[in-house]
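The values are calculated or read from the model by the stated rules, or taken from the named source; none is laboratory data. None of the values given here were measured: they were computed from a predicted structure. Cβ placement follows ideal geometry from the backbone for every residue including glycine, while neighbour counts extend to all protein chains displayed.
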């Protein structure tokens, strides 16, 4: 049974959290939106996953830029500024007495429709903004030595079909890939681009290590993940050769190390892809980058103190 990259330790405090809906804090059991909401009817919206670490919203400027850039591309008026959004995030965490070990899901949809139809001109009122902050710590089993990936037949598409760089609510292709991986007994799916090169995973970003070099996809067919970009920058900062390039599954199978990145779990080793063991139990580059990433988060938290 796959363990996944988003498994977390159950925390009973999450049963009593307050959820922010359009600036109003409501108990979890009372948190509701309209069945006419654009997000429910059409998946019409953008979102961000954000971590609260030592009282600081990690990499919040990068998250806000991606959120507002995505909204602009969709011609979606969020209705409040990035500064006001950050303040709303802090208010939500403060109301829940949250300081550390918190994962936030920020969702913005186009708003309520007059009738169930896709045309944005059918929207009445402003955007719907939902903030769900939960106490979440990644769950790691004692025998954990990495996740298993399975390559999906579902490809990342061209930007003129659905731009893969947008972090939208419309994730059906990723869900298809996730289902396929789960049916194969894997933790997550590896997805290829239209040309057959490695693109990304269904919910994380993928890296390999070959002869001391770190490789990740060209980025043409995936979201420019916040953690992905931070890892690339950390490689450059610490003089670890890093390349955004096209590479094939054959090169993945022969890699020395592999890992995925994401806001929730940071850097997670990959032990197997399509039944092939990746490298051996030694993961020196991954361990080095994991420490650099933890140092980066701690540095940010220190700056906010």
Of the conditions (1) free of Cβ contacts under 8 Å to residues at least 60 places away in the same chain; (2) in a loop (DSSP other than H, G, I, E, B); (3) touching a helix residue (DSSP H, G or I) at 6+ places or on another chain (Cβ under 8 Å); (4) surrounded by 17 or more Cβ atoms within 10 Å (Cβ to Cβ), residue 164 fails just one. Which one is it? (3)
Against the conditions (1) assigned by TED's automatic domain parsing to the domain that holds residue 66; (2) surrounded by fewer than 18 Cβ atoms within 10 Å (Cβ to Cβ), where does residue 170 fall short? Just the number, please. (1)
Assuming residue 140 fulfils every condition listed in (1) assigned by TED's automatic domain parsing to the domain that holds residue 38; (2) at negative phi apart from one, which condition is it? (1)
Would you tally the residues in the stretch 148-157 being surrounded by fewer than 19 Cβ atoms within 10 Å (Cβ to Cβ) and modelled with pLDDT of 95 or more? 2
If a residue counts only when it is exposed (fewer than 13 other Cβ atoms within 10 Å of the Cβ) and under 18 Å from the mean Cα position of the chain (by Cα), which helices (runs of 4 or more DSSP H) contained entirely in the stretch 1-106 have at least 1 such residues? 60-73
When every residue in the stretch 118-147 that is without any contact (Cβ under 8 Å) to a residue 40 or more places away in the chain and closer than 17 Å to residue 34 by Cβ is compared, the one surrounded by the fewest Cβ atoms within 10 Å (Cβ to Cβ) is 124
Would the stretch 174-181 turn up any residue that is closer than 15 Å to residue 262 by Cβ, modelled with pLDDT of 95 or more and in a strand (DSSP E or B)? no
